[in-house]
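Values quoted throughout were computed directly from the atomic coordinates according to the rules given, and no laboratory measurement underlies them. Quantities reported herein were computed from a predicted structural model and do not represent experimental measurements. Here the Cβ positions follow ideal geometry from the backbone for every residue, glycine too, while neighbour counts run over all protein chains shown.
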Amino acid sequence: MDNELLLFDRIEVIKSANQKYDLENNAYLSFSGGKDSTILHYLLDMALPNNRIPRVFIDTGIEYMMIREFVMGLAKSDDRFVIIKPSQPIKPMLEKYGYPFKSKEFAHHYGIFQKSGKTLSVLKFLQENEGGTNNQFIVCPTKLRPLFEEEHKLPFKVSANCCRKMKKEPAHKYEKESGRTIAITGMRNAEGGQRMSIKGCILTDKNGNVKRFHPLIKVDDEWEEWLIHTHTHTIALAKVYCQPLNFKRSGCRGCPFALDLEEQLELMELYLPNERKACEIIWKPVYDAYRKMNYRLKRVEKVKLF
């Protein structure tokens, strides 16, 4: 689809959803400060001029400082921005509920293994990957299988709860308190992973109530770059997306789930050394395990914390 036509299409999708579900009174934009949610912030204004839809930012303490400063700057001149926090800081939360490791799928099953041993779901996760690359998210990578043996068991708690405790629970609390139960997100199929399985832009719960609206689900990186380039006087991004960092995605700083974790840490070492040090402290048990296994991080790594 032509870029201009896709822009028109996305604007019409937002207008249609607003007419059908009253987004202006029932929804909020889940605003991370990243590229997708920033584009969506401006796209909502193109589709619904003068809308009062809240832009909700969860200040977890593990965003890049450039992201946080960008959001706080927007909030100073736009009272639609709402800043909320998780119930507890990242470090005690990780120690209590578990650290992320490899992926949400892996962390979920490894958490079960740590609590209950090799249950049926864990054994299924450990099966050989007969489905090829399309099956990579539902089976354990060969290199990580030894971790499911007692002699190689990780010495720290692992779970997929990090995002839930730091982001989803504060968001649900906001929904309950505000009455705005539809989250507008910048989710896109083009991001890959489990997002590829999302079929439509409207997601409902088992009762048929709309819970999520993903207006950007169909767009790709090329379209986003076109939109930014053609609206340079309107769309401003956080500095992490500019030179010299030039991030494609930001996400949580130093998150162990990141496929490009090594690259992120190298860039931080050069340009954001203090934030690199913070990552080494927050995620230390996971980073140590990654390096020991020569998985996702180089085996030999000298890091000066002080």
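Table for the structure above
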quantity: Estimated FRET transfer efficiency (LEU259, LYS176; beta-carbon r; R0 35 Å; 0.05); calculated: 0.55
quantity: Residue exposure sequence - MET187, MET65, MET93 - by fewest surrounding Cβ within 10 Å; calculated: MET65, MET93, MET187
quantity: Whole-number D in µm² s⁻¹ for the chain, Kirkwood Cα-pair radius fed into Stokes-Einstein, 25 °C, 0.890 mPa s; calculated: 117
quantity: Where labels lie 7 Å past Cα in the beta-carbon direction, separation of ASN274 and ILE83 in nm; calculated: 1.6
quantity: The range 253-306: relative contact order as a whole-number percent, Cα under 8 Å and 6+ apart; calculated: 34
quantity: Share, in percent, of DSSP beta bridges within the chain that are antiparallel, nearest 5; calculated: 20
quantity: Degrees between helix 3-21 axis and first principal axis of the chain (Cα, 0 to 90, nearest 10); calculated: 80
quantity: Dipole of the range 91-152, positive direction: furthest Cα of MET93, VAL122, ALA107, with charges on the beta-carbon; calculated: MET93
quantity: Too-long pairs where the Cα-Cα distance tops 20 Å, listed order kept, from LYS91/LYS157; LYS35/LYS91; LYS91/LYS167; LYS96/LYS168; calculated: LYS35/LYS91
quantity: Taking the range 91-152 and dividing mean pair separation by its residue count, relative contact order in percent (alpha carbons under 8 Å, at least six apart); calculated: 24
quantity: Theoretical ellipticity at 222 nm over the chain - DSSP helices of four or more residues, -39500 (n - 2.57) apiece, nearest 500; calculated: -12500 deg cm²/dmol
quantity: In the range 30-82, the trypsin sites (Lys or Arg not before Pro) that fall in loop regions by DSSP, at most 13 other Cβ within 10 Å; calculated: ARG52
quantity: Cα-based helix-to-principal-axis angle, 284-293 vs the chain, degrees rounded to 10; calculated: 60
quantity: Pairs from LYS102/LYS218; LYS118/LYS284; LYS153/LYS173; LYS124/LYS165 whose Cα-Cα separation, in the structure shown, is over 29 Å; calculated: LYS153/LYS173
quantity: Gain in span if fully extended, MET46 to ASN246, counting 0.36 nm per residue against the direct Cα distance; calculated: 69.4 nm
quantity: Magnitude of the charge dipole, the chain, Cβ model with Lys/Arg +1 and Asp/Glu -1, debye to 20; calculated: 1280
quantity: The range 236-265: trypsin sites (Lys or Arg not before Pro) in DSSP loop, at most 16 other beta carbons within 10 Å; calculated: LYS248, ARG249
